[in-house]
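K.L.:
Before we start, here is the structure in question, set down as structure tokens.
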Amino acid sequence: MNTNRQKQSLQWLGLACRILFGATFIFSGFVKAIDPLGFSYKMQDYLEAWNLTQLNDLTLFGAVCMSAVEFLIGCCVLFGLQLKLAAWGGLAFMAFYTPLTLWIALTNPVSDCGCFGEAIIITNWQTFWKNLALLALVIGILLTTKYNRCRLSPLPTWLLVTTCFAISVAISCFCLKYLPIIDFRPYKIGANIAENMTIPEGAPQDKYKVTFTYEKNGVEQQFTLADYPWQDTTWHFVDQQSVLLEKGYTPPIHDFSVTTMDDDDITDEVLTYTGDTYLVVMYDLEKTDTTHLTDIIELCQRATAANAHVYALTATYKDDALRFAEQHRWPFPVCSTDPIQLKTMVRANPGIVVLRNGTVIDKFSHNSVQKRLQQQ
């Protein structure tokens, strides 16, 4: 009786570990699979921190494969498909990422790990503790695998395994061509850019510890604002140090601006125009796919006929941008915008974002332009 109870307890323990670990991996793999470009940008941030930017061209392929493997491990663990093999794969995954995220938490080369894509932003330390918990869960799964057996024959099992991997890759390919099917970013349809740039009244501010170094009679001493000897003018200023103690509120959008090639800031004009404003985002003109550029020009010309404003936004240097416009006979103003904001606005190069009074009412990839022309 005790043996049966122990076996049943271990079955329930293994099932609980499988549900928690599998669901986390499925969610993590899925939110990265729907935004492969975003995941590749995060990988490039890591490579830049490690001085390995020569590998940047491999990040998109790596992003698709990594999210597919993560999604696959989660599905196999949750549904008991090749459970032992999947659990060992999960253990290898966590054995690599747990010490890596500890190093990231200690050195802070990037602000967040990107482990849940744009869906949930967590700190580097939160990522490390999360990975420790997942490591414990996968160890629990391995210790209880003999009590959790798959009821399917080998052929259907491998068919399901292959299907899970293929689903993730197919999702990534679709979203890469037509934009993420779920948008978690502050530029999603329905979002007002001006509101997302606003700091609410009463929001917490950054808190700093400010230390001043002064010198008198060849001796340096540090003071704060509270203990500085204000009445003694014989002290001579040497240096000032500021240490961030507590991070305040940061608005979802904090670096959005639109500047013409003549250095005129037209951000307010773009965000307050009551009609439609078409922003053709081409963050890097050297990497811009020009296949549908003629169709984009035609679409924008039809929009201007209906009193819409059209701007091309890029982070490319002025001379190169003007040369690109002349080469491709681009008839609309070309403006400069922060590259990170452009990558965040739309996961395409080029991609089109349509605003009305500062609110995003539509966004689409260059691969959808022909279809929209046919529908007009």
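K.L.:
When the residues of region 190-212 are narrowed to those that are more than 24 Å from the chain's Cα centre (by Cα) and among the β-branched types (Val, Ile, Thr), which ends up surrounded by the most Cβ atoms within 10 Å (Cβ to Cβ)?
P.N.:
Thr211
K.L.:
State which residue is modelled with the lowest pLDDT when the search covers only region 136-154 and only residues that are closer than 12 Å to Lys7 by Cβ and open to solvent by less than 30 Å² (accessible area, probe 1.4 Å).
P.N.:
The selected residue is Asn148.
K.L.:
Just the residues that are under 28 Å from Arg347 (Cβ atoms) and not β-branched (Val, Ile, Thr), please, taken from region 79-104.
P.N.:
Of everything in region 79-104, those that are under 28 Å from Arg347 (Cβ atoms) and not β-branched (Val, Ile, Thr) turn out to be Phe93, Phe96, Tyr97, Leu100.
K.L.:
Could I ask something else about it? Please go through region 124-177 and pick out each residue that is among the polar types (S, T, N, Q) and in contact with a helix residue (DSSP H, G or I) (Cβ under 8 Å, 6 or more places away or on another chain).
P.N.:
The answer is Asn124, Thr127, Asn131, Thr144, Thr145, Asn148, Ser168, Ser172.
K.L.:
Follow-up question, since we're still on this one. Could you identify the single residue in Ala315, Ala306 that is of a type in the set (Gly, Ala, Ser) and open to solvent by 50 Å² or more (accessible area, probe 1.4 Å)?
P.N.:
So the residue among Ala315, Ala306 that is of a type in the set (Gly, Ala, Ser) and open to solvent by 50 Å² or more (accessible area, probe 1.4 Å) is Ala306.
K.L.:
Let me ask something else about it. Out of the residues in region 333-376 that are of a type in the set (A, V, I, L, M, F, W, C) and open to solvent by 50 Å² or more (accessible area, probe 1.4 Å), state the one that is farthest from Asp295 (Cα to Cα).
P.N.:
Ile340
For every residue, the table says whether it meets (1) touching a residue at least 60 places away in the same chain (Cβ under 8 Å); (2) surrounded by 23 or more Cβ atoms within 10 Å (Cβ to Cβ).
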site: Phe71; (1), (2): yes, yes
site: Val77; (1), (2): yes, yes
site: Gln82; (1), (2): yes, no
site: Leu91; (1), (2): no, no
site: Leu102; (1), (2): no, no
site: Thr107; (1), (2): no, no
site: Val110; (1), (2): yes, no
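K.L.:
Something else now. Kindly indicate whether any position in region 220-237 is touching a residue at least 24 places away in the same chain (Cβ under 8 Å) and either open to solvent by 70 Å² or more (accessible area, probe 1.4 Å) or over 30 Å from Thr314 (Cβ atoms) (or both).
P.N.:
yes
K.L.:
Going through region 253-273 one residue at a time, which ones are assigned to a loop (DSSP other than H, G, I, E, B) and either out of contact with any Lys or Arg (no Cβ under 7 Å at 6 or more places or on another chain) or without any contact (Cβ under 8 Å) to a residue 24 or more places away in the chain (or both)?
P.N.:
Ile253, His254, Asp255, Phe256, Ser257, Val258, Asp262, Asp263, Asp264, Ile266, Tyr273, listed by residue number.
K.L.:
Given (1) closer than 22 Å to Asp284 by Cα; (2) open to solvent by 80 Å² or more (accessible area, probe 1.4 Å); (3) over 30 Å from the mean Cα position of the chain (by Cα), where does His328 come up short, assuming only one miss?
P.N.:
(2) is the only condition that His328 fails.
The values are calculated or read from the model by the stated rules, or taken from the named source; none is laboratory data. Bear in mind the structure is a predicted one, so any value in this text is a computation, not a measurement. Every residue, glycine as well, gets a Cβ built from its backbone with ideal geometry; the counts of neighbours run over all protein chains shown. For accessibility, only protein heavy atoms count, side chains too; no ligands or nucleic acids. Shrake-Rupley method; radii C 1.70, N 1.55, O 1.52, S 1.80 Å.
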